[in-house]
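The values are calculated or read from the model by the stated rules, or taken from the named source; none is laboratory data. Remember, predicted model here, so these are calculated numbers, not experimental data. Methodologically, a virtual Cβ is constructed for each residue, glycine included, from the backbone with ideal geometry; neighbour enumeration extends over all protein chains shown. For accessibility, only protein heavy atoms count, side chains too; no ligands or nucleic acids. Shrake-Rupley method; radii C 1.70, N 1.55, O 1.52, S 1.80 Å.
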Amino acid sequence: MYRLNHERQKIQEFRKTIVLKLRDLEPAERSRLIDELTERTFHIPFSKKRTLSRAVIYQWLKEFNESLDQGKALLPKQRADRETFRSLSNEQKAALMKWRQENAYRSAAQLREELMAHPETNTPPIPSESTIVRYLRSLNLDRNTLRQQGIPTAKTRLSYQSPYPGWLWLADTKGPNLHVVDPAYPDRTKPAKPIVFIDDCARFVVAAWYVFEDNEKLVMHLFKGAIAAYGIPNSLYVDRGSPYMGKALQRAATLLGCKIIHTSPRDAPAKGKAERIMRSLYERLETELALKEPPLTIEQANEYLAALISQDYHRRIHSETNQTPEERFFQFPAQYRRLVSQEALTMIFLPCTRSKVSKTGLIHLNKRQYLVPEISLYKQWVEVRFDPMDQSKVYVWWRDRYYGEAWIYVPENDYVKRQEYLAKLQQLAQAQKPEPQLGQIYVPPYNRLERQLAEYRQELAERDLNAALAQTLAKKEQIKAELIPLVNTPAVGTPPAAATSDSPQSRAKDEMTEFGLDRCTHLLSVLLKRPLDARERLSLATVWRHYGPFREELVRQTVGRLLGEGHPVSDLMGYLDALRFAAGKTNIDT
């Protein structure tokens, strides 16, 4: 009511301003001024009109002169059917009042959509959203009134937007605000809380799930699934809750080239975008699921969650980006996503612990002993990843490098002790018996091929995994080098200086676009007559990024000259240094 009176007073003040300019003038002067007023534009309060007609002005003059109480003169007349809402039927009024009382977070757009979905309430004319808002306000069921009665409001924070999808992910856990059926006791309910991973740039939900308990194991499981589907992010922004502070999550992210960023102490709401989508899930989903009878199971709740995100949230235009999250996320080129194999993910996201290798090459873990595959690991602190369902072997890492499987220790697989034992047996046999003939000596079976096959499989497993990790880390640097300059480019219409330059360096780079890093790696393998391992390929990629690209002729000439001088093919860094000096000399000469 206060709002309506305020509007009427503003309209009255505007009309009095016009009338008081004209009432004391002579008829001719008044007519001339009215002509001027009809040609001007005004900001009329609470009206879309911007001009006045002569008939309206004369009507205001007549009403003001004939009014006995000038304090109430020129007030806008109220409609006789005010607050009756003729466009709403009784069924629609009852439905709107009941639906809003059940859930205060249902918006006018959602209520109008629900009216159209039922045959009892979709009788024409369908009311507009403004009519629904005015009707709910007349019943004191509007958002402002309900907010004063205790509905929590979101805290306002400054926003940040990443330059491209995959730059930053946010993760958060909320609640619990939803009660579902307890699997252990079907006649009881148990609180469930959602864990959500969201992309900062596109506001795209990469993972969301309801769980009974939020721990590091479940967080890593969701993070692993999101990476398998959408690639490795550059950073993950989380709060300081116990599920996000574990060492296993930190080590897995480090191996993949993802940085874990934690919020400041006691400042969990700093993740504004994650907090906002949690609020949307509560308003749109959890308040509705709480009305279901009987209560849902957690599987059904997760199904409703997936449907809401995929059918509604991802396809609704976001107010900040002016795009749908789905469109904005997938318009990013696929070649810039850092995807990794499922085998590498499974290995990296296994439970992890630290253990010291004994001087005999044994690891003590879970009351068992495991024999490491490399003698260089003896007396070193290593990372051990293990599968709780398969305790026959563990996976050994040292200095971010995979060194293979360590099998459970039994005397039969300890080569050193077995040789010592066989030597003692031979000494005892020689002391007790005369030296036997050659035909009577026991000869073990010839297992050279089997040993070579085992060593090949071990080397292949190490090379594939380490090469995959090195490739993901190198791709991260490559994506940064290619995309960060694009973010800092000038405004549209201003050509960058590098694009307009006609320097010899730019012409040389245009000529070498076809001879890339992959072809250079293959060419070096052919010239050196041996494959390059993961560490050598990473060194070549680093030199290529900082000092390249190199021309094919320059690589052939430099490597051929060193081979002719008898330079060892095992020293790849010597060839790379020669390439670097040759490329620098070529740039100086040009």
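Remarks
- A Förster distance of 22 Å, applied to the separation of the beta-carbon atoms of residue 53 and residue 87, puts the FRET efficiency at 0.15.
- Farthest positive-ward along the stretch 229-301 dipole, Cα basis, beta-carbon charges - from 246, 298, 230: 246
- In this structure residue 185 has an accessible area near 110 Å², from a 1.4 Å probe over the protein heavy atoms.
- Total charge dipole magnitude, the stretch 146-295, about the Cα centre, Cβ charges on Lys, Arg, Asp, Glu only, Debye to nearest 20: 420
- Cα gyration tensor shape of the stretch 162-231, rounded if a/c is under 1.5, else prolate or oblate by comparing a/b with b/c: prolate
- Debye, to nearest 20: dipole size of the stretch 276-322, +1 on Lys, Arg Cβ, -1 on Asp, Glu Cβ: 220
- Count Lys and Arg as plus one, Asp and Glu as minus one, and take only other residues whose Cβ is under 10 Å from that of residue 408; the net charge is then +2.
- Largest accessible area first, the listed residues 575, 336 line up as 336, 575 when surface is computed with a 1.4 Å probe on the assembled protein chains.
- Remark: for residue pairs 174/292; 21/62; 217/247; 224/273, the C-alpha separation exceeds 18 Å in 174/292; 224/273.
- Surface listing: 378, 244 arranged by accessible area from highest to lowest gives 378, 244, probe 1.4 Å.
- The portion of the accessible surface of the stretch 15-121 made up by carbon and sulfur, rounded to a whole percent, is 51 (1.4 Å probe; DNA, RNA and ligands excluded).
- Note on residue 43: accessible area is roughly 140 Å² with a 1.4 Å probe, heavy atoms of protein only.
- Of the whole protein surface, residue 398 contributes about 40 Å² of accessible area at a 1.4 Å probe radius.
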